[in-house]
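One structure, as structure tokens, below. Some questions next.
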Amino acid sequence: TLELYRGPIQGVYLSIFLAVTLLILVSATWMGLYFAKRITRPVQRLAEGTRAIGSGRLDFRIEPETGDELGSLVDAFNLMADDVRTSQAKLEQSRLTLERTNVDVDARRRYIETILERVATGVISLDAAESISTVNGAAERLLGLDASSIGRPAAEVLGREDLRPLLPLLDATRREEPGALVQEVTLVREGREIHLAVAGTRLIGDDGRTEGAVLVLDDLTRLIRAQRVAA
């Protein structure tokens, strides 16, 4: 009887062994995939988070799934994202503040330029290199200047034959202490005398360095003529 059932019994044993072997292989494969997934999934999420942060999605966060080294890495990524978002908010606030400041400064500059163009007193401003920065309309009329004088050295512009009497005041302003230095200057232009009261002021910055100078010119011609007629 045993000889008769040898083949079926061996087949049953082989089937059992094959089933156990397949079960072991499937279990090993599943365990390998499971542990690999536990490693690769956080890494993939980190890659996705990096791309999201790079594209501007600063609110992207990763839920930690483990408490091991990968979990610590996810926590570090979330902390980094929070820091980036905070820095971005501060940078945006700084940008808005700077824009508002620039708008205020530009409005103040236009306001000052409008005032300088409307006053009858001539105003010439120089930068630290003693080049002419601004000349208002009254100064252009009094001295016969135009927009081409802006950016040129003051000594060159005032070195014109009829404007040379202004050079000593410019030199004195460079040498004197900060404050207004006033002199009366007489210019001869087109055969007539122009009497000016010129005030030169040297501009000093917070660090004590010279940032430029301002020349203010008042036309005293009519006053001098009236004094002469009265005399």
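Can you list residues whose amide H is under 5 Å from ARG189's amide H, if they're 5+ apart or on another chain and H is modeled 1.01 Å from N?
Here the answer is ILE194, since their amide H atoms fall under 5 Å of that of ARG189.
In 10 Å bins starting at 0, how do the alpha-carbon pair distances of the chain split up by percent?
The calculated distribution, bin by bin, is 6, 18, 15, 9, 7, 8, 9, 7, 5, 4, 3, 3, 2, 1, 1, 0, 0.
Quantify, in whole percent, the carbon and sulfur part of the accessible surface of the range 1-117 (1.4 Å probe; protein heavy atoms only). Walk me through the numbers on the way to the answer.
On the way: 6060 of 9420 Å².
Whole-percent figure for carbon plus sulfur exposure: 64.
For the chain, find the longest principal axis of its Cα atoms and tell me its angle to the long axis of helix 2-54, 0 to 90°, nearest 10.
Compared with the principal axis, the helix lies near 10 degrees.
For the range 1-130, what is the largest minus smallest coordinate of the Cα atoms on each principal axis, given in angstrom and ordered from greatest to least?
Principal extents (Cα only, largest first): 135, 27, 22 Å.
Under a 5 Å amide H to amide H cut-off, with H placed in plane at 1.01 Å, what residues pair with SER131 once short-range neighbours are removed?
Distant-sequence amide H within range of SER131: ALA154.
Choose one of VAL105, SER125, ILE204: the residue whose Cα lies farthest towards the positive end of the charge dipole of the chain (beta-carbon charges +1 Lys, Arg; -1 Asp, Glu; about the Cα centre).
VAL105
So, for the chain, what is the accessible surface per residue at a probe of 1.4 Å, expressed in square angstrom?
Heavy-atom SASA per residue in the chain reads 69 Å².
The values are calculated or read from the model by the stated rules, or taken from the named source; none is laboratory data. As the structure is a prediction and not an experimental result, all values here were calculated from the model. Every residue, glycine as well, gets a Cβ built from its backbone with ideal geometry; the counts of neighbours run over all protein chains shown. Calculation scope for accessible area: heavy atoms of the full protein, side chains included, ligands and nucleic acids excluded. Shrake-Rupley method; radii C 1.70, N 1.55, O 1.52, S 1.80 Å.
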